[in-house]
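The values are calculated or read from the model by the stated rules, or taken from the named source; none is laboratory data. Keep in mind the model is a prediction, meaning the values are calculated, not measured. Cβ: placed from backbone, ideal geometry, glycine included. Neighbour counts: every protein chain shown.
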Amino acid sequence: MNSAKSRISVVGLGYIGLPTAAVLASAGHEVIGVEISASIVDTVNRGEVHIVEPDLDGLVRGAVLSGRLRATLEPEPADTFVIAVPTPFKDDHVPDLGYVEQAARRIAPSLRPGNLIILESTSPVGTTEMLAGWLAQERPDLRIPKPGEADADIFLAYCPERVLPGRIVSELVSNDRIVGGLTPACSTRARRVYETFVRGQCIETDARTAEMTKLTENAFRDVNIAFANELSLICDRLGIDVWELIALANRHPRVNILSPGPGVGGHCIAVDPWFIVDAAPEAARLIRTAREVNDSKPEWVIAKIEEAVAAIRQRRSGEVVLACLGLAFKANIDDLRESPSLEITRHLVERGLADRTLVVEPYLEQMPPALAGLTGTEFATLEAALEGADVIVLLVDHLQFKDVPRHRLEGKAVIDTRGLWR
Ligand code: SAJ
């Protein structure tokens, strides 16, 4: 471990930036978080958090109370700048680097010779070179590093975040880091920063390889989840329990199939593989197909729910009540980004499939804006859903749902997209 402590500016205090800023502060650095949202700045400066993530609240409170972390709207000079802003894609699956460009142009006036800039946002291959280009436009007085050229006034590297939502604080410290500089000197400077708080290994490479490593990790997972999701469709046709099938196949020493679900959500796995497809459309056939398989899973789930409701309506007249359990994109978190569960629920409500739809999400205190105000929906407790629903759709395998006594499901149509109750 390197003990050098310095002044680090973290640009973007979201799911990655805020935990990173707090971990850096607890490792002894003076950390300035730069945000465009005034309410996030106020929240952090009160020592509070705007996201639910295990252990994050205590870490941020401690960092702010110790005086080593503060948030601001305006960039200030620092030794190192870590950019952790979103990189979504546009409607046509083309990466949108607007936030990275905006961050680069905003920090540029504060840069001084000797500064290190690290990009952590998931990015298509070549983004770090583009970042160098934006900085060069803003600061023609500074020599910006170029691959193959040793001399420069600042250092620039790509180091992807790889932490799992729900385990961000521990994985930030324990995971290995891939550090890809525009030059070897950039890699080494960036590695030394990570070595002040990372217990895993920090491995140097070039920027393009580091960018592609991140995309590859998430595309690998996406392809493997697509395999499980495709199996669930095949098993449904063949009358086989896919969960039993996977458990049995996984007894083979070299087979490890992931779990089917209602689709793939989150801001990473449902997005990043498209960056590869966009860069090499003809070559990325499997990666594209996996995206399509996972993206089409919500429609299949919706069709199953429609069948269940239609069967009840055929059997009897009167009100049909549907309950959707879980809106988050995966278990035990409050994150709704790209959530297939939210997409499915919204579709069902907008279609008016049931007379009433009870929405249960233990990680939220009220109906999220995407569903608020839609007629026929009610934000409900698990108990109310078990009491009142004719059709129960389990969309997220939250721990709170696991122990539902099976007799409470009797007489209801149950669509368990996660295999939690099998
Ligand atoms: N899912 C399944 N079946 C599974 C596993 C996951 O349907 O067997 C679904 C989840 O329900 C969720 C989605 O896939 O909707 C993604 O969840 P996840 O837990 O696989 O991944 P994320 O998006 O929370 O985090 C991923 C991680 N990447 C890998 O595991 C390769 C994390 O390490 C990355 O840091 C993160 O993406 C990121 O920020 O890129």
Next item on the list: Would you point out the residue of the stretch 137-168, among those that are acidic (Asp, Glu) and farther than 28 Å from residue 200 by Cα, that is modelled with the lowest pLDDT?
Entry: 149
Margin query: Step by step: first the residues of the stretch 11-58, then only those that are within 16 Å of the ligand (Cβ to nearest atom) and of a type in the set (A, V, I, L, M, F, W, C), then the one that is nearest to residue 120 (Cα to Cα). Which residue is that?
Written below: 16
Margin query: Take the residues in the stretch 42-73 that are among the polar types (S, T, N, Q) and either within 21 Å of the chain's Cα centre (by Cα) or in a helix (DSSP H, G or I) (or both); name whichever of them is nearest to residue 110 (Cα to Cα).
Written below: 45
Notebook entry, point to check: Restricting to the stretch 358-380, what's the tally of residues that are outside any loop (DSSP other than H, G, I, E, B) and under 13 Å from residue 327 (Cα atoms)?
Noted result: 4
Margin query: Please count how many residues of the stretch 361-383 are under 24 Å from residue 421 (Cα atoms) and in contact (Cβ under 8 Å) with a residue 40 or more places away in the chain.
Written below: 3
Margin query: I'd like to check something: does the stretch 326-347 contain any residue that is touching a residue at least 40 places away in the same chain (Cβ under 8 Å) and more than 30 Å from residue 225 (Cα to Cα)?
Written below: no
Note to self: If a residue must be under 15 Å from residue 385 (Cα atoms) and either crowded, with 17+ Cβ neighbours inside 10 Å or outside the structural domain of residue 360 (by TED's automatic domain parsing) (or both), how many such residues does the stretch 310-325 contain?
What the structure shows: 6
Check: When you go through 219, 185, 207 one by one, which is the residue that is more than 16 Å from the ligand (Cβ to nearest atom) and surrounded by 18 or more Cβ atoms within 10 Å (Cβ to Cβ)?
Finding: 207
Margin query: Can you tell me which of (1) closer than 20 Å to residue 160 by Cα; (2) touching a strand residue (DSSP E or B) at 6+ places or on another chain (Cβ under 7 Å); (3) small (Gly, Ala, Ser) is the one residue 78 doesn't meet?
Written below: (1)
Margin query: Condition first: without any contact (Cβ under 8 Å) to a residue 60 or more places away in the chain and among the charged types (D, E, K, R). Now tell me which residues in the stretch 267-316 satisfy that.
Written below: 282, 285, 288, 292, 295, 299, 306, 307, 313, 315, 316
Note to self: Tell me yes or no: at least one residue of the stretch 279-291 is part of a helix (DSSP H, G or I), among the charged types (D, E, K, R), farther than 26 Å from residue 15 by Cβ and out of contact with any Pro (no Cβ under 9 Å at 6 or more places or on another chain).
What the structure shows: yes
Note to self: Could you go through the stretch 357-367 and let me know if any residue there is of a type in the set (A, V, I, L, M, F, W, C) and more than 27 Å from the chain's Cα centre (by Cα).
What the structure shows: no
Next item on the list: State which residue pairs qualify: first residue more than 17 Å from residue 115 (Cα to Cα) and inside the stretch 169-198, second residue aromatic (Phe, Trp, Tyr) and more than 16 Å from the ligand (Cβ to nearest atom) in any location, beta carbons under 9 Å apart, and separation of 6 or more residues or different chains.
Entry: 172/197; 173/197
Item checked: Residue match in the stretch 280-296 (condition: within 12 Å of the ligand (Cβ to nearest atom), surrounded by fewer than 22 Cβ atoms within 10 Å (Cβ to Cβ) and of a type in the set (A, V, I, L, M, F, W, C)) -> yes
Next item on the list: Just need a number here: residues in the stretch 386-422 that are without any contact (Cβ under 8 Å) to a residue 40 or more places away in the chain, assigned to a loop (DSSP other than H, G, I, E, B) and within 15 Å of the ligand (Cβ to nearest atom).
Entry: 1
Note to self: Based on this model, can you work out whether residue 200 counts as in a loop (DSSP other than H, G, I, E, B), on the phi > 0 side of the Ramachandran plot and within 25 Å of the chain's Cα centre (by Cα)?
What the structure shows: no
Check: How many residues does the stretch 224-262 contain that are more than 7 Å from the ligand (Cβ to nearest atom), in contact with a helix residue (DSSP H, G or I) (Cβ under 7 Å, 6 or more places away or on another chain) and among the small types (Gly, Ala, Ser)?
Finding: 2
Notebook entry, point to check: Of all the residues that make up the stretch 335-364, how many are of a type outside the set (A, V, I, L, M) and surrounded by fewer than 17 Cβ atoms within 10 Å (Cβ to Cβ)?
Noted result: 5
Note to self: If I go through the stretch 50-76 residue by residue, how many of them are surrounded by 14 or more Cβ atoms within 10 Å (Cβ to Cβ) and over 14 Å from residue 23 (Cα atoms)?
What the structure shows: 6
Check: When residues of the stretch 84-134 are filtered for being of a type in the set (Asp, Glu) and free of Cβ contacts under 8 Å to residues at least 60 places away in the same chain, how many remain?
Finding: 4
